[in-house]
Amino acid sequence: MYLQVVGASIDDIKQINQSNADSIAFCKNPEVGGLTPSLDDILLANQVVQKPINIMIRTSEHGFVFTEYELKKQIRTIEMISELANISGIVVGVLNDDFSINEKFLEEVNKVKKHLKVTFHQAFDQAKDFKKALKILEKYKVDLVLTSIGINPEQDLEVLKELKNLKTSVEILITGLTVKDHLKQALTVSKDFQIDLIARVEPNWNAKISIDNINDFKSWKDE
């Protein structure tokens, strides 16, 4: 299992460094789905991180359709991050008004990302055609797509199986799992997982990171 943990502060990153997590997704305001951290925090993360780290690129909490100014700001941020040696990747997600993938934005990302791996986040879950969306992500060489197991896990897993059967180069990163029974089913679709609140001592974003919770989740597959 490959396990990524969401961190929302420099202290979170330092704690996750000590766990068995494989990578970190770094954002601010995770309670609204995550926004881009401040430049100062990104620079600090580059200094303290000891694992692969992916930076959220999202300038507004109001959905996944952005103004031209916001899109340019996101591209400029990616360009800056691409100069930082210890930042491994970025997490992006931009849709058009009709809930299709914004291909023009992905074109611009590829022009400036350099070594950075690209994850397309849960904006994917709002795409109007999942299969077409996944093919578009493959076209623009997106490495991973983040998608949720929600309130209907069995139904969601069936959709994920359909996506897996498309056999694209895009890896599926699953989030939203909270119980072991669903993990066993999810492992038939992907070996890549992301956890957020269950990585904390209490299920709220103000609680501290729990190294034990992270390591316990990592060991679920062995039970």
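The values are calculated or read from the model by the stated rules, or taken from the named source; none is laboratory data. These numbers come from a predicted model, not from an experiment. For neighbour counting, all protein chains shown are included, and Cβ atoms are generated from backbone atoms with ideal geometry for every residue, glycine included.
When 91, 189 are screened for being under 29 Å from residue 46 (Cα atoms), in contact with a strand residue (DSSP E or B) (Cβ under 9 Å, 6 or more places away or on another chain) and either assigned to a strand (DSSP E or B) or not hydroxyl-bearing (Ser, Thr, Tyr) (or both), only 91 passes.
The listed residues are 212, 181, 216, 192, and the only one of them that is surrounded by 16 or more Cβ atoms within 10 Å (Cβ to Cβ) and at negative phi turns out to be 192. Check whether at least one residue in the stretch 34-49 is closer than 13 Å to residue 91 by Cα, of a type outside the set (D, E, K, R), touching a helix residue (DSSP H, G or I) at 6+ places or on another chain (Cβ under 8 Å) and surrounded by fewer than 17 Cβ atoms within 10 Å (Cβ to Cβ), and report yes or no. No, because not a single residue in the stretch 34-49 is closer than 13 Å to residue 91 by Cα, of a type outside the set (D, E, K, R), touching a helix residue (DSSP H, G or I) at 6+ places or on another chain (Cβ under 8 Å) and surrounded by fewer than 17 Cβ atoms within 10 Å (Cβ to Cβ). The set of residues in the stretch 192-223 being among the acidic types (Asp, Glu), within 27 Å of residue 10 (Cβ to Cβ) and part of a helix (DSSP H, G or I) consists of 212, 216. In the stretch 142-159, the qualifying residues are those that are without any contact (Cβ under 8 Å) to a residue 40 or more places away in the chain and within 16 Å of the chain's Cα centre (by Cα), and the one that is surrounded by the fewest Cβ atoms within 10 Å (Cβ to Cβ) is 150. Of the numbered criteria (1) touching a residue at least 40 places away in the same chain (Cβ under 8 Å); (2) outside any strand (DSSP E or B), the one residue 182 fails is (1). Within the stretch 42-55, residues that are under 13 Å from residue 19 (Cα atoms) reach partners that are β-branched (Val, Ile, Thr) with beta carbons closer than 6 Å, at six or more positions or on different chains, in the pairs 49/13; 51/24.
Residue-wise test of (1) among the β-branched types (Val, Ile, Thr); (2) modelled with pLDDT under 95; (3) touching a Cys at 6+ places or on another chain (Cβ under 6 Å); (4) over 30 Å from residue 126 (Cα atoms).
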site: 13; (1), (2), (3), (4): yes, no, no, no
site: 19; (1), (2), (3), (4): no, no, no, yes
site: 27; (1), (2), (3), (4): no, no, no, no
site: 30; (1), (2), (3), (4): no, no, no, no
site: 39; (1), (2), (3), (4): no, no, no, no
site: 57; (1), (2), (3), (4): yes, no, no, no
site: 63; (1), (2), (3), (4): no, yes, no, no
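Across the stretch 94-103, what is the number of residues that are in a loop (DSSP other than H, G, I, E, B) and buried (at least 17 other Cβ atoms within 10 Å of the Cβ)? The number of residues fulfilling the criteria is 2.
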